[in-house]
Amino acid sequence: AISDLPLTTIGYEKETNPLLRLERGAFIRRKVAERHHFPPYFSMMERLNHDGPPPLACPLSLPNLTVAAVKALQKKGAQVVDIRSPSSFAGGHVPGSIHIWRTGLSAFVGYFLNYEDPIILLDDFNGDLGEVRRQFARLGYDNLAGCLEGGFMTWAKAAEPIGTVRTWSVHDLKANLG
């Protein structure tokens, strides 16, 4: 397949790709019948692209939430999204939180979050959350409840439970592969 090679030619692909050996009608029928996986948020994006997005109902700034408020919202089903770096999340995070690093938000939010339950953001310093809020809004998420005031350190200083994720180096992986 083309993706397996750094360079290819039409002649090579016609010789080696079985789809390109089909007659035109059979090729079209096969491609039309293909069913690709669509991420859960695509139906919302179709609607927003067709109808246009609603006006942004809330400001780009987010309310600061206390640890008690985060815990209360979490008990009611709020989605806690930790937007810190992967290594920060692995070292310690709010149990039950979902990690989507800041630069991965637009690519992954729609796979893991629903549109109904409130969303709480967790960061280190809560800097430039307006841009983060904008990314959520562009995907149709207008249910951001706020962010933990003071970031993760506030949670840790409150002596709340902390989850961790064990990470592996390439040496750990090699040793465990046998």
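The values are calculated or read from the model by the stated rules, or taken from the named source; none is laboratory data. As the structure is a prediction and not an experimental result, all values here were calculated from the model. Glycine gets a Cβ as well: all are built from the backbone with ideal geometry, and neighbour counts include every protein chain shown. These area figures cover heavy atoms from the full protein model, side chains too; ligands, DNA and RNA do not enter into them. Shrake-Rupley method; radii C 1.70, N 1.55, O 1.52, S 1.80 Å.
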Quiz item: Tally time: how many residues in the stretch 98-110 are assigned to a loop (DSSP other than H, G, I, E, B) and open to solvent by 20 Å² or more (accessible area, probe 1.4 Å)?
Solution: 1
Exercise. Tell me, yes or no, whether the stretch 85-93 has at least one residue that is of a type in the set (Phe, Trp, Tyr), in contact (Cβ under 8 Å) with a residue 60 or more places away in the chain and under 20 Å from Asp128 (Cα atoms).
Key: yes
Quiz item: Just one of Asn114, Asn49 is of a type outside the set (Gly, Ala, Ser) and either within 19 Å of Asn143 (Cβ to Cβ) or surrounded by 13 or more Cβ atoms within 10 Å (Cβ to Cβ) (or both); which is it?
Solution: Asn114
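Being assigned to a loop (DSSP other than H, G, I, E, B), at pLDDT below 95, within 16 Å of the chain's Cα centre (by Cα) and not aromatic (Phe, Trp, Tyr) is true for just one of Asp142, Asp124, Asp117. Which residue is that? So that I can check it myself, show each step before the final result.
Details: Asp124 fails: within 16 Å of the chain's Cα centre (by Cα); Asp117 fails: at pLDDT below 95.
Step by step, each of Asp142, Asp124, Asp117 is checked, and only Asp142 is assigned to a loop (DSSP other than H, G, I, E, B), at pLDDT below 95, within 16 Å of the chain's Cα centre (by Cα) and not aromatic (Phe, Trp, Tyr).
Does Gly127 fit the bill of being surrounded by 15 or more Cβ atoms within 10 Å (Cβ to Cβ) and more than 29 Å from Phe38 (Cβ to Cβ)?
Values: surrounded by 15 or more Cβ atoms within 10 Å (Cβ to Cβ): no; more than 29 Å from Phe38 (Cβ to Cβ): yes.
Judged against the criteria, Gly127 is not a match.
State which residue is nearest to Gly110 (Cα to Cα) when the search covers only the stretch 10-39 and only residues that are of a type outside the set (D, E, K, R) and open to solvent by 80 Å² or more (accessible area, probe 1.4 Å).
In this case the residue turns out to be Phe38.
Which residues, taken from the stretch 145-175, are outside any helix (DSSP H, G or I) and crowded, with 16+ Cβ neighbours inside 10 Å?
Residues of the stretch 145-175 that are outside any helix (DSSP H, G or I), as a first pass: 145-151, 158-169.
Once the filter is applied, which keeps residues that are outside any helix (DSSP H, G or I) and crowded, with 16+ Cβ neighbours inside 10 Å, the stretch 145-175 yields Ala145, Gly146, Cys147, Leu148, Gly150, Gly151.
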Self-check item: Failed condition for Asp82, given (1) open to solvent by 70 Å² or more (accessible area, probe 1.4 Å); (2) of a type in the set (Asp, Glu); (3) within 23 Å of Tyr115 (Cβ to Cβ)
Solution: (1)
